[in-house]
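Structure, as structure tokens:
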Amino acid sequence: MHQTIGLHLATPRRWRVLATVVAAQFMFGVDAFIVNVAIPTIADELHASAAQVESVISFYLIAYATLMITGGRLGDIYGTRTVFLAGVFGFTLTSLWCGLAQSGSELILGRLAQGATAALMVPQVLATIHVLFADESRGRAFAVYGVILGLAGAAGFLLGGVLVTLDLAGLGWRTVFFVNVPVGAGIFAAAWWLMPQVPRRAGTRLDIPGAIMLFVGLLCLIGPLLFGQDMRWSSPVWITMLFGTALIAVFVLFQRRVAARGGMPLIDLALMADPAFTRGLYAVFAFFFANLSFYLVMTLFMQNALHLPPLHAGLVFVPLALAFVVAARHSGIRAKHRGTLVLIEGCIIEIVGLGATVGILICVRQPSAWLLTLPLIVVGYGQGLVMAPLSSAVLSTVRPASAGSGSGLYGTTNQVANATGVAAIGAVYMAVQSGHSALTAFVTAVTMFALSIIICVAILLWRRALLAA
């Protein structure tokens with residue numbers, strides 16, 4: 001049924017293809033948040049350590065971040081349809097593996113594999129939309145993509161709470177992974193039937209050594225942050241981190257050598273010669289460092305310290321996610337009139353929301369789930385104002401010919417920042433909680449979130465001054 005894409009692809013059919021690929025994007029987005037709600041239950045049932053709990057999220061992000069550029073290249077080499085199908089099949093299979101895991105270590109390995117398969121699947125979504133909608137319908141197609149992207153967060157939090165609470169067939173938290181199996185199978189069947197084969201890009205090559213070095217290097221850098229406390233920060237922890245640092249340095253040299261030979265490096269380091277783009281990446285790292293780690297800490301605090309059931313904890317985040325979607329729609333209009341100032345405004349609003357959250361928890365010993373939603377709506381709105389236009393602002397100085405490389409570097413940076421934040425702030429939260437109270441640990445973590453966002457504001461102002469000069 002599939003065909004090579006051409007100018008005469010039937011209009012109704014391409015919208016069905018759009019529905020198929022954004023369904024995969026939605027599944028990926030839901031999976032990123034659904035696990036957060038189930039984390040306390042997973043830790044309890046698998047007797048997982050604090051480091052293992054954080055690794056369930058962090059290792060997934062590391063695999064996805066380091067392999068997403070490789071996934072995009074594979075789509076260019078073998079065709080987006082082929083790689084998309086492989087990614088969906090792999091994501092479905094590894095979701096089943098995660099649901100069947102019998103220990104914390106096995107679940108971490110399953111999540112690592114799940115992140116790797118997501119890196120095959122997700123890059124093909126935008127590539128397919130880009131080719132299928134090259135006419136006046138492009139705006140509508142990307143609007144659908146944007147709405148699905150925003151709603152995935154709300155759906156993930158809500159679905160996670162519902163599934164853990166229902167405890168279907170006594171499976172408990174395992175259903176948050178099993179739910180991907182029928183959904184993934186349906187997406188695979190629809191893609192096999194509907195999805196056209198996008199022509200391959202001639203001359204595209206894959207930098208396998210670079211991908212391996214980046215993956216292993218980041219794993220050695222971030223992994224010790226997760227397990228350092230469990231290992232009492234012994235010498236093997238520091239040796240591993242030193243090895244990771246050295247491997248990243250070798251990776252940079254190797255990428256320059258590949259480029260000098262006329263090859264296709266994994267990351268185009270020539271982009272780093274643009275100071276505005278470089279400063280933009282610094283801001284991206286600072287902002288996303290306080291992103292997923294916030295949801296992890298908030299989930300752990302609500303369920304372990306406030307003893308909110310998983311369903312209530314999931315519901316707390318739903319208004320936040322909806323506020324994020326509303327802000328994302330507002331940010332485009334505001335960015336036209338305010339430029340990058342909208343990013344700074346969003347950061348300030350998010351800090352206000354974080355401060356209000358801490359204030360409520362200090363003043364009210366046992367706040368209700370609904371009371372917690374009020375400051376979190378402010379947090380979500382601030383995040384939405386920043387996240388939507390941030391990529392456009394950072395990539396604004398990149399040449400059109402380097403747009404793909406710039407987008408890949410942006411995506412890798414934000415996912416590495418997410419993983420690093422989960423590892424670093426999660427470790428601090430666990431360490432402070434073990435020696436003090438859960439509230440002290442939470443306030444410490446929120447202080448780190450706020451400082452990271454303040455650093456993001458400072459870098460954005462630094463970048464703004466450069467562009468104005």
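Just so you know, all these numbers are worked out from the coordinates, no wet-lab data involved. Bear in mind the structure is a predicted one, so any value in this text is a computation, not a measurement. Here the Cβ is made from the backbone with ideal geometry for all residues, glycine too, and neighbour counts use every protein chain on show.
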Separation between Cα centres of the range 83-106 and the range 337-383, rounded to whole Å: 35 Å
The simple spin-label model distance between Ala189 and Trp370, using points 7 Å out along Cα→Cβ, in nm, is 4.2 nm
Mean 1/r over distinct Cα pairs of the chain, inverted to a Kirkwood Rh in Å, yields 22.7 Å
If the label point sits 7 Å along Cα→Cβ of Ala465, residues of the range 241-277 with amide N under 15 Å come out as 276
Where does each of Ile333, Ile349 land when they are ranked from fewest to most other beta-carbon atoms within 10 angstrom? Ile333, Ile349
Computed over the range 253-401, the convex hull of the Cα set has an average projected area, in nm², of 11.4 nm²
Mean separation of Cα contacts under 8 Å (6+ apart) over length of the chain, as relative contact order %: 22 percent
What size of dipole, in debye to the nearest 20, comes out for the range 1-205 about its Cα centre when the only charges are +1 on Lys and Arg C-beta atoms and -1 on Asp and Glu C-beta atoms? 920 debye
If every Lys and Arg gets +1 and every Asp and Glu gets -1 at its Cβ, then about the Cα centre the range 45-165 yields a dipole, in debye to the nearest 20, of 200 debye
With +1 at each Lys and Arg Cβ and -1 at each Asp and Glu Cβ, the charge dipole magnitude of the chain around its Cα centre, to the nearest 20 debye, comes out at 1300 debye
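Using only helices, what value at 222 nm comes out for the chain when you add -39,500 (n - 2.57) per DSSP H run of length 4 or more and divide by the total residues, to the nearest 500 deg cm²/dmol?
Numbers: 17 runs with 375 residues, N = 469.
Helix contribution divided over all residues of the chain: -28000 deg cm²/dmol.
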For Leu269 and Arg140, extending 7 Å from Cα along the Cα-Cβ vector and measuring point to point gives, in nm, a value of 4.6 nm
Under 5 Å between amide H atoms, partner at least 5 residues away or on a different chain: which partners does Gln197 have, H built in plane at 1.01 Å? Gln3, Thr4, Ile5
In terms of the charge dipole of the chain, which places +1 on Lys and Arg and -1 on Asp and Glu at the beta carbon, the residue among Val457, Val358, Ala313 farthest towards the positive end is Val457
